[in-house]
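See below for the structure under consideration.
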Amino acid sequence: PGRENRAVTLRTRLRHWLEAVPAYGLMALFAALPRAAASWLGGMLAQGAGLLLPVSRVARRNLQLALPEAGDTHQAILRQCWNNLGRVAAEMPHVHRLSCAW
């Protein structure tokens, strides 16, 4: 049991590392870009990649069930959801520069 737990832990740590390295790289890229450019790029990347993920099939089916009258707009709704999520993520490195003055 001890060796199995260590193997799982090592596998898990390796997987986390392989997930974190590209994420930190993207965040560094977004931080180096002007906020507007980072936002645009993040939106485009998330939109392109997000539509390929299995979760998008689930979302598309849910949209069809919830909004059957929307017809062909389900794909556009999904595209905009992924775009918005990517923009928000890409703007995170710039948050410290935003003004909180209302």
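The values are calculated or read from the model by the stated rules, or taken from the named source; none is laboratory data. These numbers were taken from a predicted model, which means no experiment stands behind them. Cβ sites come from the backbone with ideal geometry, for glycine too, and all protein chains shown count toward neighbours. Keep in mind that these areas ignore ligands, DNA and RNA; they rest on the heavy atoms of the full protein, side chains included. Shrake-Rupley method; radii C 1.70, N 1.55, O 1.52, S 1.80 Å.
By the Kirkwood approach, averaging reciprocal distances over each pair of separate Cα atoms, the chain gets a hydrodynamic radius of 16.2 Å. Protection proxy ranking of 40-51, 21-32, by the mean of other Cβ atoms within 10 Å over each peptide's residues and highest first, is 40-51, 21-32. Restricting the calculation to alpha carbons of region 3-52 gives Rg and Dmax of 15.6, 49 angstrom. The Kirkwood radius of region 54-102, taken over pairs of alpha-carbon atoms, gives through the Stokes-Einstein law at 37 °C and 0.692 mPa s a diffusion coefficient of 256 µm² s⁻¹. Surface composition of the chain: carbon and sulfur make up 66 percent of the accessible area, probe 1.4 Å. Comparing 11, 79, 61 in a Gaussian network model of the chain where C-alpha atoms under 10 Å apart are linked, the largest mean-square fluctuation is found at 11. Packing, as the average of other Cβ atoms within 10 Å across residues, places the peptides 84-90, 53-59 in the order 84-90, 53-59, highest first.
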